[in-house]
Amino acid sequence: FGFPGAEIIYQQIAEKNYSRKRVGLIGLGKAPIRDGAVLVNAAGEEIGKVTSGSYGPSIEKPIVMAYIDPAYAAMDTEVFAQVRGKQLPLQVCKMPFVEQRYHRG
(Lines give C-alpha, C1' and ligand atoms only; values in the text may rest on other atoms or scores of the structure.)
Protein backbone atom coordinates (compact mmCIF):
# COMPACT_ATOMS: atom_id res chain seq x y z
CA PHE A 1 0.00 0.00 0.00
CA GLY A 2 2.95 2.34 0.37
CA PHE A 3 2.42 4.28 3.62
CA PRO A 4 1.77 3.57 7.31
CA GLY A 5 -1.92 3.07 8.05
CA ALA A 6 -2.85 2.66 4.37
CA GLU A 7 -4.84 -0.54 4.95
CA ILE A 8 -7.12 1.13 7.51
CA ILE A 9 -7.52 4.31 5.44
CA TYR A 10 -8.39 2.45 2.23
CA GLN A 11 -10.92 0.35 4.16
CA GLN A 12 -12.56 3.49 5.61
CA ILE A 13 -12.77 5.07 2.15
CA ALA A 14 -14.27 1.93 0.61
CA GLU A 15 -16.88 1.62 3.37
CA LYS A 16 -17.43 5.40 3.67
CA ASN A 17 -16.84 4.91 7.38
CA TYR A 18 -14.83 7.84 8.70
CA SER A 19 -15.22 10.03 11.75
CA ARG A 20 -13.88 13.28 10.30
CA LYS A 21 -13.43 15.02 6.96
CA ARG A 22 -10.99 17.70 5.78
CA VAL A 23 -12.73 20.87 4.65
CA GLY A 24 -11.95 24.44 3.67
CA LEU A 25 -13.64 27.23 5.60
CA ILE A 26 -13.93 30.96 4.95
CA GLY A 27 -14.37 33.37 7.85
CA LEU A 28 -17.44 35.58 7.76
CA GLY A 29 -15.64 38.23 9.85
CA LYS A 30 -12.14 39.72 9.72
CA ALA A 31 -10.34 37.97 12.61
CA PRO A 32 -7.90 35.24 11.54
CA ILE A 33 -8.42 31.76 13.00
CA ARG A 34 -5.29 29.83 13.88
CA ASP A 35 -4.17 26.22 14.16
CA GLY A 36 -5.72 24.41 17.12
CA ALA A 37 -8.95 26.42 17.38
CA VAL A 38 -11.95 24.28 18.30
CA LEU A 39 -14.91 24.24 15.90
CA VAL A 40 -18.47 24.03 17.22
CA ASN A 41 -21.99 23.90 15.78
CA ALA A 42 -24.74 26.44 16.53
CA ALA A 43 -25.59 24.59 19.75
CA GLY A 44 -21.97 24.90 20.96
CA GLU A 45 -21.14 21.19 20.58
CA GLU A 46 -17.56 20.42 19.49
CA ILE A 47 -17.46 19.16 15.89
CA GLY A 48 -13.82 19.55 14.85
CA LYS A 49 -10.49 21.30 15.03
CA VAL A 50 -8.57 23.75 12.83
CA THR A 51 -5.36 22.36 11.32
CA SER A 52 -4.21 25.61 9.68
CA GLY A 53 -5.55 29.09 9.27
CA SER A 54 -4.57 32.61 8.29
CA TYR A 55 -5.82 35.74 6.63
CA GLY A 56 -6.17 35.27 2.84
CA PRO A 57 -5.09 38.56 1.21
CA SER A 58 -6.28 37.43 -2.24
CA ILE A 59 -9.86 37.05 -1.06
CA GLU A 60 -9.61 39.53 1.83
CA LYS A 61 -11.07 37.07 4.35
CA PRO A 62 -9.76 34.54 6.88
CA ILE A 63 -9.18 31.08 5.38
CA VAL A 64 -9.02 27.82 7.33
CA MET A 65 -8.47 24.12 6.77
CA ALA A 66 -9.92 21.79 9.38
CA TYR A 67 -11.08 18.29 10.17
CA ILE A 68 -14.76 18.19 11.12
CA ASP A 69 -17.60 15.75 11.65
CA PRO A 70 -18.83 14.67 8.17
CA ALA A 71 -22.38 15.78 9.08
CA TYR A 72 -21.15 19.41 8.88
CA ALA A 73 -18.96 19.07 5.75
CA ALA A 74 -21.58 20.08 3.13
CA MET A 75 -20.86 23.25 1.13
CA ASP A 76 -22.10 26.52 2.69
CA THR A 77 -22.70 24.94 6.12
CA GLU A 78 -22.11 27.48 8.89
CA VAL A 79 -19.89 26.47 11.82
CA PHE A 80 -18.14 28.49 14.51
CA ALA A 81 -14.55 28.73 15.75
CA GLN A 82 -13.92 29.40 19.41
CA VAL A 83 -11.31 32.15 19.61
CA ARG A 84 -10.50 33.99 22.86
CA GLY A 85 -13.92 33.26 24.35
CA LYS A 86 -15.89 34.25 21.24
CA GLN A 87 -17.58 32.16 18.56
CA LEU A 88 -16.52 33.40 15.13
CA PRO A 89 -18.70 32.30 12.17
CA LEU A 90 -17.21 30.31 9.28
CA GLN A 91 -18.70 28.81 6.14
CA VAL A 92 -17.64 25.54 4.48
CA CYS A 93 -16.27 26.21 0.99
CA LYS A 94 -14.48 24.42 -1.81
CA MET A 95 -10.71 24.32 -2.06
CA PRO A 96 -8.50 25.75 -3.38
CA PHE A 97 -9.68 29.07 -2.00
CA VAL A 98 -8.49 30.95 -5.12
CA GLU A 99 -8.76 29.44 -8.60
CA GLN A 100 -5.43 28.70 -10.26
CA ARG A 101 -4.78 30.88 -13.29
CA TYR A 102 -1.56 29.39 -14.60
CA HIS A 103 -0.93 26.73 -17.22
CA ARG A 104 1.87 24.22 -17.13
CA GLY A 105 3.91 24.17 -20.30
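The values are calculated or read from the model by the stated rules, or taken from the named source; none is laboratory data. Worth saying up front: this structure is predicted, and the values here are computed from it rather than measured. For neighbour counting, all protein chains shown are included, and Cβ atoms are generated from backbone atoms with ideal geometry for every residue, glycine included. For accessibility, only protein heavy atoms count, side chains too; no ligands or nucleic acids. Shrake-Rupley method; radii C 1.70, N 1.55, O 1.52, S 1.80 Å.
Averaged over its residues, the chain has an accessible area of 70 Å² per residue, based on protein heavy atoms and a 1.4 Å probe.
Here the Karplus relation 6.51 cos²θ - 1.76 cosθ + 1.60, evaluated at θ = phi - 60°, turns the backbone of the range 3-9 into coupling constants of 7, x, x, 4, 4, 5, 5 Hz, with x for every Gly and Pro.
Label zone of S19 (point 7 Å out along Cα→Cβ, amide N under 18 Å): in the range 46-88 this covers 46-51, 66-73. Over the chain, what percent of the accessible surface lies on carbon and sulfur atoms, probe 1.4 Å? Carbon plus sulfur share of accessible area: 51 percent. When nucleic acids and ligands are ignored and a 1.4 Å probe is applied, K21 ends up with an accessible area of around 90 Å². Lys-Lys pairs in the chain that are eight or more residues apart or on separate chains and whose Cα atoms lie under 18 Å of each other come to 8. Phi-derived couplings, Karplus 6.51 cos²θ - 1.76 cosθ + 1.60 at θ = phi - 60°, listed residue by residue for the range 76-90: 6, 5, 8, 10, 9, 9, 8, 10, 6, x, 10, 9, 9, x, 9 Hz, with x used for Gly and Pro. Of the peptides 61-73, 84-96, 4-16, the ranking by mean beta-carbon count within 10 Å, highest at the top, reads 61-73, 84-96, 4-16. Matching the structure-derived Cα extents along the principal axes in Å against the labelled list (1) 87, 31, 21; (2) 46, 42, 22; (3) 41, 33, 32 gives the label (2). For the range 32-45, putting each phi into the Karplus relation 6.51 cos²θ - 1.76 cosθ + 1.60 with θ = phi - 60° gives couplings of x, 10, 9, 3, x, 5, 7, 9, 10, 8, 4, 7, x, 7 Hz, in residue order, rounded to whole numbers and with x for Gly and Pro. From helices alone, the chain scores -3000 deg cm²/dmol at 222 nm; the rule is -39500 (n - 2.57) for each run of n ≥ 4 DSSP H residues, then divide by the residue total.
For the pair R101 and D35, the difference between a 0.36 nm per residue extended length and the Cα-Cα distance amounts to 21.0 nm.
Under a 5 Å amide H cut-off, with hydrogens placed 1.01 Å from N, K61 pairs with G56 among residues at least 5 apart or on other chains. For D35, nonlocal amide neighbours, meaning residues 5 or more places apart or on other chains whose placed amide H falls under 5 Å from its own, are G53.
A crude spin-label estimate for the pair Q82 and Q11, with each label 7 Å from Cα along the Cβ direction, gives 3.3 nm.
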